[in-house]
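Here is the structure we will look at.
The values are calculated or read from the model by the stated rules, or taken from the named source; none is laboratory data. Since this is a predicted model, take the numbers as computed values, not measurements. When we count neighbours, we look across all protein chains shown, and the Cβ atoms used for this are built from the backbone with ideal geometry, even at glycine.
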Amino acid sequence: MFIAINYIACQDRNKVRFGQLMSSRSREMDIIPGFIKIQVLKPNESENEYLIFSPWDSEDHFIDWKESDQFTKGHKWGFEDMATSPKEAHEPPVRSVFKTYKILSD
C-alpha cells in the first residue's frame, strides 16, 4: 500500500469555498485503478492546512492518476481559481504540496 497526503494551505478568504468544493468533490478519482479512498481533513480553527489523505494500492497507481484526464477534470475548479488570482491581484487561493509515504506498520 502507498499513501499520498496533500497538504493544502488555504487563504482565509477561500476557506468556505474550498470546504464547499471538497464536500461536493468530483468523483473522477473513484474509478481509477488502485485508488482505495480519500479523506479530507479540515484543520482546527487555529491552523491553516487541510490534509487530503489517499491510500493507493501502489505508487504506480498514484502516478498514473496524477497523469490522467481524471486528475485534470477533478481539479478543474482549483486550476481555474489559481489562474484568476493574479488577474485580481490576490495571492493564490491555495498552496498544495503532495507528500508520499510507505506504510511501515499498521
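For the residues LYS37, LYS73, LYS15, LYS42, the requirement of being out of contact with any Gly (no Cβ under 9 Å at 6 or more places or on another chain), under 20 Å from LYS99 (Cα atoms) and of a type in the set (Lys, Arg) singles out LYS37. Residues in region 6-46 that are aliphatic (A, V, I, L, M), under 16 Å from HIS61 (Cβ atoms) and surrounded by fewer than 16 Cβ atoms within 10 Å (Cβ to Cβ): ILE31, ILE36. In the set (1) in contact with a strand residue (DSSP E or B) (Cβ under 9 Å, 6 or more places away or on another chain); (2) modelled with pLDDT of 75 or more, ASP64 fails one condition alone, (1).
Hey, among the residues in region 3-30 that are modelled with pLDDT under 80 and of a type in the set (Asp, Glu), which one's nearest to the chain's Cα centre (by Cα)? The extreme case among them is GLU28. Determine if region 48-56 includes at least one residue that is free of Cβ contacts under 8 Å to residues at least 60 places away in the same chain, exposed (fewer than 15 other Cβ atoms within 10 Å of the Cβ) and over 17 Å from PHE98 (Cα atoms). Checked against the condition, which is being free of Cβ contacts under 8 Å to residues at least 60 places away in the same chain, exposed (fewer than 15 other Cβ atoms within 10 Å of the Cβ) and over 17 Å from PHE98 (Cα atoms), region 48-56 yields no hits at all. Within region 24-61, being of a type in the set (S, T, N, Q), more than 14 Å from GLY74 (Cβ to Cβ) and not in a strand (DSSP E or B) holds for ASN44, SER46, ASN48, SER58.
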